[in-house]
Amino acid sequence: MKIEKVLAALERFAPLPLQEDYDNAGLQIGLTEAEVSGALLCLDVTEAVIDEALQKNCNLIVSHHPLLFRALKQISDKTQVQRVIIKAIRENIAIISMHTNLDNVRDGVNAKIAEKLRLDDCQLLGKQRMVDGIDGASGIVGNLPQPVEAPEFIDLLKEAFAVPFVQANALLERKVSRVAVCGGAGAFLLDDALMAGADAFVTGEMRYHEFFGHDQQLQIAVIGHYESEQFTPEIFKRVLEDACPQLRCLISSTNTNPIVYR
């Protein structure tokens, strides 16, 4: 199977026009006519991930976060990104990234978060868009199987996403039933979550001042950027196994989270 077929399958699922203007999803490195020996699925591309791909005889890496995100003025050994580029090219490893197009597509990153929380009656949250009959938005809102007290909701997040801590504002004094989610940095959806009647808003990261002004309006729960998107490779695996059943797909075992809890 050629890389171009894998790329086409991913872009059919999450069309590139769904990505944000600042993004750079799609083919990052590699020749589309090359034959694929195996695909390693991950969140970030690091030197350790390249090594894992080599060990597992995978000449294609499919990541969520783009390796090539900001413009480069040189390719040397000065930064991690530059070193990864050199190593990937030297080892003939192709890289494809599906970023905010995968965040925005209906069955993408946010749907996976909602699945882990077992949310029902899910709807798109935020400005909606459609490309080739495929719709999407920046978030999702849905209902818990049954309302829970705020401390129990925080414990639910800790268990579902294997996090030791959750950053939260003052605990809600009513039960949490309706939950809005946005993987990664999602503070821009706070107002949308409120308008959608959400009791809680789950995202990956928020700045200090963005927590203010929402006590008893909304339970803010920040679980970590990596943690909110850690199940993204499961999406890649499902999409590629459906579209390319003969392709060998492996979820990376390399933890690329740069944040350590002590």
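The values are calculated or read from the model by the stated rules, or taken from the named source; none is laboratory data. All values derive from a computational prediction rather than experimental measurement. Counting neighbours? That spans all protein chains shown, and the Cβs are built from the backbone with ideal geometry, glycine included. These accessible areas exclude ligands, DNA and RNA; they are computed on the full protein's heavy atoms, side chains included. Shrake-Rupley method; radii C 1.70, N 1.55, O 1.52, S 1.80 Å.
At 1.4 Å probe size, what's the solvent-accessible area of Y261? Round to the nearest 10 Å².
100
Relative contact order for the chain using alpha-carbon pairs under 8 Å, separation at least 6, rounded to a whole percent?
On the way: 547 pairs, mean separation 54.0, N = 262.
21 percent.
Computed from the coordinates I sent, Cα extents along the principal axes in Å equals one of [x] 49, 42, 35; [y] 72, 46, 36; [z] 57, 43, 31. Tell me the label.
Here Cα extents along the principal axes in Å agrees with entry [z].
Tell me the accessible surface of D107 in square angstrom (1.4 angstrom probe, heavy atoms of protein chains only), to the nearest ten.
Counting only protein heavy atoms, the figure is 80 Å².
Out of H64, H99, H225, any idea which swings most in a Gaussian network model of the chain, alpha carbons joined below 10 Å?
H225
In the Gaussian network model of the chain, springs joining C-alpha atoms below 10 Å, which of A111, A34, A14 carries the largest mean-square fluctuation?
Top of the fluctuation ranking is A34.
Taking the alpha-carbon centroid of each part, what is the distance from the range 112-138 to the range 230-250 in angstrom?
20
To the nearest 10 square angstrom, what accessible area does S37 show with a 1.4 Å probe?
For S37, solvent-accessible area is about 50 Å².
Hey, got the dipole for the chain? About the Cα centre, +1 on K and R Cβ, -1 on D and E Cβ, debye to the nearest 20? Intermediate values should be presented prior to the final figure.
Numbers: 25 positive and 36 negative charges, 120 e Å.
My answer is approximately 580 debye.
Label-point separation (nm) for I259 and F188, each offset 7 Å from Cα along Cα-to-Cβ?
1.9
Run down the lysines and flag those whose C-alpha is under 20 Å from the C-alpha of K112, throwing out any fewer than 8 positions away in its chain.
Correct list for K112: K127, K158, K237.
Hey, any idea what % of the chain's accessible area is carbon plus sulfur with a 1.4 Å probe? Walk me through the intermediate numbers first.
Numbers: 6310 of 12640 Å².
Carbon and sulfur together cover 50 percent of it.
Could you do me a favour and compute the accessible area per residue for the range 1-125, 1.4 Å probe, result in Å²? All intermediate terms of the calculation are to be shown ahead of the outcome.
Working: 5700 Å² over 125 residues.
Ligands and nucleic acids excluded, the figure is 46 Å² per residue.
So between R83 and E20, what do we pick up on full extension, going 0.36 nm a residue minus the alpha carbon distance? Intermediate results must be reported in sequence, preceding the final value.
Working: separation 63, 0.36 × 63 = 22.68 nm, distance 2.65 nm.
So the chain would gain 20.0 nm between R83 and E20.
Could you work out how far the C-alpha centroid of the range 185-229 sits from that of the range 1-52, in angstrom?
Distance between centres, Cα-based: 30 Å.
Which of T100, C122, N110 sits farthest toward the positive end of the charge dipole of the range 72-127, with +1 on the Cβ of Lys and Arg and -1 on the Cβ of Asp and Glu?
The Cα lying farthest towards the positive end belongs to T100.
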